[in-house]
Amino acid sequence: MPGNQKLGELLVQKKIITQEQLDSALISQKKTNLRIGEELIRSGIVSEENIISNLAELMDIPFIRIRAATVEQEVINKIPARFVTHYNFFPLAEEEGSLRIAVSDPLDLYALDEIKLVIKQPVKISLATSFEINEAIKRYYGVGAKTMAQMVDDTPHLRILSKTSDEDAESQLQSESDDPSVIKFLDQVIQQAVRERATDIHIEPFEDNLRVRYRIDGLLYDVPVPAAIAHFQSSIIVRVKIMAEMDIAEKRLPQDGRIQIRIDKEDFDFRVSILPTAFGESVEIRILSRKQIFFTLSELGLDIDGLDILNTMIKKPHGIILVTGPTGSGKTTTLYSCLNRINAMERKIITIEDPIEYKLHGITQIQIHPKINLSFSNGLRSMLRHDPDIMMVGEIRDLETAELSIRTALTGHLVFSTLHTNDAPGAIARLLDMGIEPYLVASSLNCVIAQRLVRVICPACKEPYKPHDELMDEFGIHRGRFKENDLYKGNGCEGCKFTGYIGRTAIFEILKIDDMVKEMILDHSPSNLIKQKAIAAGMKTLRLSGWEKVVSGITTPEEVMRVTQQDSE
């Protein structure tokens with residue numbers, strides 16, 4: 001078995017480290033009592049992968065990247081989660097009566113002997129990094145597998161709950177929700193979501209299981225969790241309610257709350273919504289970082305023309321600027337970016353929101369409270385008494401809010417708000433359908449911005465490709481000319497979790513309310529006709545905006561098609 005010096009000499013020989021770095025590590029090793037490889041990793045001189053791969057070479061043991069390996073479920077089922085997490089190994093495959101396992105420390109002979117006793121069959125070892133072993137355990141056994149196994153062992157009364165009274169059951173559930181294992185499991189689910197860049201966590205009960213999903217870059221992904229989680233559904237929900245300061249006894253009505261947590265030295269707000277369903281209460285947690293970096297207008301994804309239009313519109317002294325799109329399309333981010341752009345000492349800006357997603361320095365923000373009758377419309381009336389220059393209404397949901405917003409704009413205020421419509425001209429039809437007079441819409445509206453979020457191609461695995469003709473036909477008039485290698489896609493790698501995408505950017509459709517559009521509004525023209533005339537006058541549709549990002553190598557045709565509808569040619 002190699003000594004410390006042999007591993008160090010190999011690293012120096014391969015020029016992975018210098019002799020000076022090795023000498024320094026050997027001196028530090030006497031104080032820390034770590035092995036030389038561990039000391040080099042601790043000091044940040046060498047990565048764990050470098051140490052493990054070279055140790056494998058010295059000891060003539062296979063080195064494996066578990067991410068690239070295929071592991072049969074039968075092998076996983078053979079070894080309980082509590083064993084793989086306790087001894088920090090991962091089962092790989094059956095090989096002629098022996099079990100091939102991945103370990104990160106081949107020098108821990110005690111642990112290897114214990115593993116052989118547990119498995120009760122010969123063992124062959126490969127070396128892998130502890131990071132990959134832990135990731136594989138999460139992927140195959142589920143997030144919080146060790147914690148869940150401990151909870152099952154420590155909970156002999158799983159089937160007794162149904163025999164107790166409602167009051168006793170509630171008391172018992174609250175006691176279980178305070179159990180360190182329940183707390184630890186929920187913490188692991190939340191921390192994993194943050195580290196995977198998730199914007200939402202969904203905990204959904206069904207007849208025979210409890211499903212956990214993360215929304216990452218706009219799409220939902222299943223989170224592997226142990227099957228035993230279904231037994232602790234009520235305890236987990238109660239724990240969420242306690243954290244969000246909700247009524248744990250109320251199970252028939254929807255509830256909303258907030259949680260504040262610090263993860264990896266960063267503060268997060270979690271907006272929690274609980275909804276009663278046929279098989280129990282469903283939980284949705286929106287993750288909001290307090291350190292959110294607000295985008296400048298140019299960073300939102302606007303092209304030069306769109307940037308010029310928006311810069312002109314937000315500098316107007318009065319009128320309404322509407323942002324439209326479905327939930328999760330980045331409307332709030334666009335509004336915050338506009339407010340940050342025009343926020344100045346000589347202007348007073350007030351917002352009313354539901355909820356306040358991020359705190360804006362120098363801007364007065366109001367949270368609506370329907371239970372005490374603080375609605376958008378009531379709050380808007382009160383805001384006017386505070387002498388604002390600019391106002392933001394989180395969403396125009398009804399006729400009263402729409403009328404107040406328009407009359408506020410007509411009395412010399414700049415108003416920002418949102419609507420849920422499919423495209424920019426659709427916002428006009430929506431206002432008219434609410435009962436707003438056409439002359440009020442025409443005289444108050446400055447512009448309407450429709451937007452969507454598209455995923456960005458992963459730069460690490462980006463490669464040129466030629467999409468099939470049927471796909472390209474969907475873009476019709478927007479295809480233009482392109483060479484064979486003009487379009488790109490992500491091939492999939494560890495950095496993007498093999499999706500080919502990492503992060504998102506926005507595409508925009510901006511409708512200026514000019515004299516032509518005003519006349520069409522007054523003439524009660526349908527939104528599709530307004531759209532046709534606006535396109536003829538130079539308006540870029542969402543799909544055209546997306547196509548420009550496709551040919552720029554930012555996103556893919558498939559992604560643009562996913563979030564937009566086909567334009568009329």
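From its DSSP helices (H runs of at least four residues, each -39,500 (n - 2.57)), the chain gives a residue-normalised ellipticity at 222 nm of -12000 deg cm²/dmol. Solvent exposure of Thr499, expressed as accessible area, is near 50 Å², computed with a probe of 1.4 Å over the protein chains only. Rolling a 1.4 Å probe over the protein heavy atoms gives the chain an accessible area of 50 Å² per residue. PRE reach from Arg407 (point 7 Å along Cα→Cβ): which of the stretch 355-379 fall under 17 Å by backbone N? Only 375-379 pass the distance filter.
Of interest is the spacing of the C-alpha centroids, which for the stretch 404-446 and the stretch 275-327 amounts to 18 Å. Treating the angle as unsigned and between 0 and 90°, give the value, to the nearest 10°, between the Cα long axis of helix 130-141 and the longest Cα principal axis of the chain. Around 70 degrees separate the two axes.
Give the angle, between 0 and 90 degrees and rounded to the nearest 10, that separates the Cα long axis of helix 331-342 from the longest principal axis of the Cα atoms of the chain. Computed tilt is about 70 degrees. Put a plus charge on the Cβ of each Lys and Arg, a minus charge on the Cβ of each Asp and Glu, and nothing anywhere else: the dipole of the stretch 67-120 about its Cα centre is then about 160 debye. Expressed to the nearest 5 percent, the antiparallel share of DSSP beta bridges inside the chain is 65 percent. Local charge for Gly328 was computed over the other residues whose Cβ lies under 11 Å away, with Lys and Arg +1 and Asp and Glu -1, and equals +3.
Within the shell of other residues whose beta carbon sits under 13 angstrom from the beta carbon of Leu112, the net charge comes to -2, with Lys and Arg scored +1 and Asp and Glu -1. Length available on full extension from Glu474 to Gln13: 0.36 nm per residue minus the Cα-Cα distance, which gives 160.2 nm. Toward the positive end of the charge dipole of the chain, with +1 on the Cβ of Lys and Arg and -1 on the Cβ of Asp and Glu, the farthest Cα among Phe63, Tyr439, Ser24 is that of Ser24. A cysteine counts as unpartnered when no other cysteine's C-beta lies under 4.7 Å of its own; in the chain this applies to Cys338, Cys447.
Kindly identify the stretch 181-226 as rounded, prolate or oblate by the Cα gyration tensor criterion: order the square roots of the eigenvalues as a ≥ b ≥ c, call it rounded if a/c is under 1.5, otherwise compare a/b with b/c, prolate if a/b is larger, else oblate. Oblate is the answer for the stretch 181-226, as a/c is 1.5 or above yet b/c matches or exceeds a/b.
Stokes-Einstein diffusion for the stretch 522-569, with the hydrodynamic radius set to the Kirkwood value over Cα pairs and evaluated at 4 °C in a medium of 1.567 mPa s, equals 109 µm²/s. Assign one of three labels to the stretch 328-403, namely rounded, prolate or oblate, based on the Cα gyration tensor with a ≥ b ≥ c the square roots of its eigenvalues; rounded applies when a/c is under 1.5, prolate when it is not and a/b is larger than b/c, and oblate otherwise. It is oblate, given that a/c is not under 1.5 and a/b is not larger than b/c.
Shape of the stretch 197-271 from the C-alpha gyration tensor: oblate (a/c of 1.5 or more and a/b not above b/c, with a ≥ b ≥ c the square roots of its eigenvalues). Between Ala344 and Glu20, what's the calculated FRET efficiency when r is the beta-carbon distance and R0 is 45 Å? Round to 0.05. Once rounded, the FRET efficiency stands at 0.25. Taken about its Cα centre, the chain carries a charge dipole of about 1000 debye when Lys and Arg each add +1 at the Cβ and Asp and Glu each add -1 at the Cβ. For the chain, carbon and sulfur atoms together expose 49% of the accessible surface, with a 1.4 angstrom probe and every protein chain in place. In the chain, the longest principal axis of the Cα atoms and the axis of helix 19-32 are about 80 degrees apart. With contacts taken as Cα pairs under 8 Å and at least 6 residues apart, the chain reaches a relative contact order of 8 percent.
The values are calculated or read from the model by the stated rules, or taken from the named source; none is laboratory data. Not measured: the values here are computed from a predicted model. Note that we place each Cβ from the backbone using ideal geometry, even for glycine, and neighbour counts take in every protein chain shown. We work out accessible area using only protein heavy atoms, side chains counted, and drop any ligands, DNA or RNA first. Shrake-Rupley method; radii C 1.70, N 1.55, O 1.52, S 1.80 Å.
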